[in-house]
Amino acid sequence: MALIYVVEDDENIREIELFALKNAGYEVQGFDCASAFYARLKERMPSLALLDIMLPDESGLEIVKKLRYSAQTRKLPIILVTAKTSEIDKVKGLDTGADDYITKPFGVMELISRVKALMRRTQDLEEKRLIRQESIFMDDEKRAVYVDDKPVELTFKEYELLKLLLLNAGIVVSRETILDRVWGTDFEGESRTLDMHIKTLRQKLGTAGAMIRTVRNVGYILNSDT
């Protein structure tokens, strides 16, 4: 169950937000100031933070800056909540690092919808950042590849080629698509370039290299059913 922290000094609004999010299936905790929020962050990291801009001890914008500066909270999804409605305030909030912005007064359904949408986007990004297919594991954030938990050193093109095949596992990727995505052009050079990269990639992946299969006159497919 996803955990959401709500930082709001108005008790009535905070209770409404907590009640709505809890009914939507989320685990929630509320805080009336930044200091209480920071203290809890040290104990447990939430899945998302809902921050009011106007707080008694520190503004929501300053909180966002600190969260984005810290490696532990840099990727924490954040929605700012405020009574300010001018465009410049919204832009300032998003530029500071917030993922979304909602203004008071707001409807409960709008709040839940925005939370769900941000959670989906975050989950999709996480899934694309960490890719696994059988014994092959790719951490795209660190640009690291492992086979049977052992690191594999790849060139830039080999890495991008493997990433494309992993993201399309079980689907035939045409030669034209590969050349366009990996080389960034229709590529009219040596026709064997792609084949040679596939060959060296297979070799570096060891036994897992057999998962990359040639589809004659079409392209390549990464499939565990070898």
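Here the 3J(HN,Hα) profile of the range 142-152, calculated from phi with Karplus coefficients 6.51, -1.76 and 1.60 at θ = phi - 60°, is 9, 6, 10, 10, 10, 10, 6, 6, 10, x, 10 Hz, Gly and Pro shown as x. Here GLU141 and GLU176 are evaluated by their C-beta separation; at R0 = 35 Å the FRET efficiency comes out at 0.75.
Note on the chain: with charges restricted to the Cβ of Lys and Arg (+1) and Asp and Glu (-1), its dipole about the Cα centre is near 760 debye. Between THR103 and SER35, full extension at 0.36 nm per residue minus the direct alpha carbon distance yields a gain of 22.2 nm.
Kindly state, to the nearest 0.05, the FRET efficiency for GLU15 paired with ALA71, given R0 = 35 Å and r defined as their beta-carbon distance. After rounding, the FRET efficiency stands at 0.60.
Heavy-atom accessible surface of the chain, averaged per residue, reaches 56 Å², computed with a 1.4 Å probe.
Put simply, the amide H of VAL6, placed in the peptide plane, has neighbours under 5 Å in GLN29, GLY30, PHE31, LEU50, leaving out anything fewer than 5 places away on its chain. For mean projected area of the Cα convex hull in nm², the candidate list reads (i) 11.9; (ii) 15.9; (iii) 12.7; the entry that matches the value derived from this model is (ii). Converting phi to 3J(HN,Hα) with the Karplus coefficients 6.51, -1.76 and 1.60 and the offset θ = phi - 60°, the range 23-32 yields 5, 7, x, 9, 7, 10, 9, x, 9, 9 Hz in sequence order, with x at every glycine or proline. Give the calculated FRET efficiency between ASP148 and ASN168 to the nearest 0.05, with a Förster radius of 22 Å applied to their Cβ-Cβ distance. In this case the efficiency is close to 0.50. Phi-derived couplings, Karplus 6.51 cos²θ - 1.76 cosθ + 1.60 at θ = phi - 60°, listed residue by residue for the range 155-170: 6, 4, 5, 4, 5, 5, 5, 5, 4, 4, 5, 5, 5, 10, 3, x Hz, with x used for Gly and Pro. Using helices alone, what [θ] at 222 nm do you get for the chain, with -39,500 (n - 2.57) per DSSP H run of 4 or more residues, divided over all residues and rounded to the nearest 500? One gets -13500 deg cm²/dmol as the mean residue ellipticity at 222 nm.
Each DSSP beta bridge with both residues in the chain is either parallel or antiparallel, and the antiparallel ones are about 50%.
The values are calculated or read from the model by the stated rules, or taken from the named source; none is laboratory data. It should be emphasised that the depicted structure is a prediction, and the values quoted were computed from it without experimental measurement. When we count neighbours, we look across all protein chains shown, and the Cβ atoms used for this are built from the backbone with ideal geometry, even at glycine. Please note that ligands, DNA and RNA were not included when accessible areas were found on the heavy atoms of the full protein model with its side chains. Shrake-Rupley method; radii C 1.70, N 1.55, O 1.52, S 1.80 Å.
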